[in-house]
1. Let me see the pair-distance distribution of segment 272-359: every alpha carbon pair, 10 Å bin width, integer percents in order.
2. How would LEU351, LEU198 line up from fewest to most surrounding beta-carbon atoms within 10 angstrom?
3. Classify segment 204-363 from the C-alpha gyration tensor, please: rounded if a/c falls under 1.5, else prolate or oblate depending on whether a/b exceeds b/c.
4. Can you tell me the FRET efficiency between ARG144 and THR341 if r is taken as the Cβ-Cβ distance and R0 is 45 Å, rounded to the nearest 0.05?
5. If I model a spin label at LEU167 and ASP285 as a point 7 Å from the Cα along the Cα→Cβ vector, what separation in nanometres do I get?
6. Looking at the square roots a ≥ b ≥ c of the eigenvalues of the Cα gyration tensor of segment 138-183, which shape do they give, rounded for a/c under 1.5, prolate if a/b is larger than b/c, or oblate?
7. Taking 7 Å along the Cα-to-C-beta vector as the label spot, tell me the ALA320-GLN349 distance in nanometres, rounded to one decimal.
Amino acid sequence: MNRTQRARRAAIALVAAAAIGGSGVAVGAATAAPAASAAPAGVSAAAAPAASAAAADGARASYADVVRQVMPSVVLISTTEGLGSGVVLDRSGNIVTNAHVAGDATTFKVQVPGDPAPREASLVGSYRPDDLAVIRVSDPSGLRPAKFADSAKAQAGDIVLAVGNPLGLSSSVTSGIISATGRVVAEPASADGPGATLPDAIQTSAPINPGNSGGALVTTAGEVVGIPTLTAGSLGNGAQAQGIGFAIPSNLARDIAKQLITSGTVTNSHRAAIGAQVGTMTGQDGTPAGVGIVSVTSGGPADRAGLRPGDVIRAAGGTATPDQQALAAVLAAAHPGEKLTLEIDRAQQQLSVPLTLGELPAS
């Protein structure tokens, strides 16, 4: 797991963006509340008429009830490397978090809201391609499992709250909306791991800060709709980007977590793959110059399509692939069994090679 102050990097589709990893709990899908007759706390008397008008239009003056419902299910996770968050899955003590929060650790300290004594926990399993992991506390007494929403129903405009442990500030809350769904977010490899390319991510404006990673994205009905994992800090052109964070959909998180709990590994990744080991090629000027095939899995999609070690993939499905991260983003947006055409360089030839995608091997 990265230290809470450490910057992480993310790429949105094929656009590079600096990111800071953090776990958080977010709340989506706004529900109307009765109109408030008094000005909300912190609103001046002069602003009260506007606040009352907003309440009359169906805006909620407070989400304190949602926070009270969700907070007991969001825990603080610590290792020797740093802090993160996690969401209680069941009364057996299983907690879902990010793989980058778990890192290489096999034992953890878990702080449950309302309990001053940290609890011992151990790793159940981790799946880095989806940046998900499950840990289990040795003492599950008093744990309150979170309720999970159908993330397929999440839509842009749903109100969200982020609840987590940023910078060690336990049980902090921020707010925003779901900005978009179906984002492909790529986190490049680092010294700590190969990174992850997340398909179908939920984009949110709710601030997600270091230490928030692994928390819960929750609807205003108090149901988890995603697991926040990254926030964009600046775009490739150097302009600062505020309020751009990403969460792993709850449907995917529950599926991967269930597999890890059942067998300690992921048996069905649901992710597309070409069946080859690849790496980014570098041109004479030092810039990325395509994705080189290092080896081909015998009998896999690349092998059946006639690809060879030494081939350089320039584009996949009509999208340029200057580096391994770009190819990973294309594959994350595809599904096993789909047909995809690769544009490759082989010796002095340029070839179009159609193939049928296979499935990314399980952990």
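1. Spelled out bin by bin, segment 272-359 gives 19, 58, 20, 2 percent.
2. By the 10 Å Cβ count, ascending: LEU351, LEU198.
3. oblate
4. Numbers: r = 50 Å, r/R0 = 1.11.
That pair, ARG144 with THR341, gives E of 0.35.
5. Going from the LEU167 label point to the ASP285 one covers 4.1 nm.
6. Oblate.
7. Label at ALA320, label at GLN349, 2.5 nm between them.
None of the figures in this text is laboratory data; all of them are computed from the coordinates on show. Model, not experiment: these values are computed from the prediction. With ideal geometry, Cβ positions are generated from the backbone for all residues, glycine too; neighbour counts draw on all protein chains shown.
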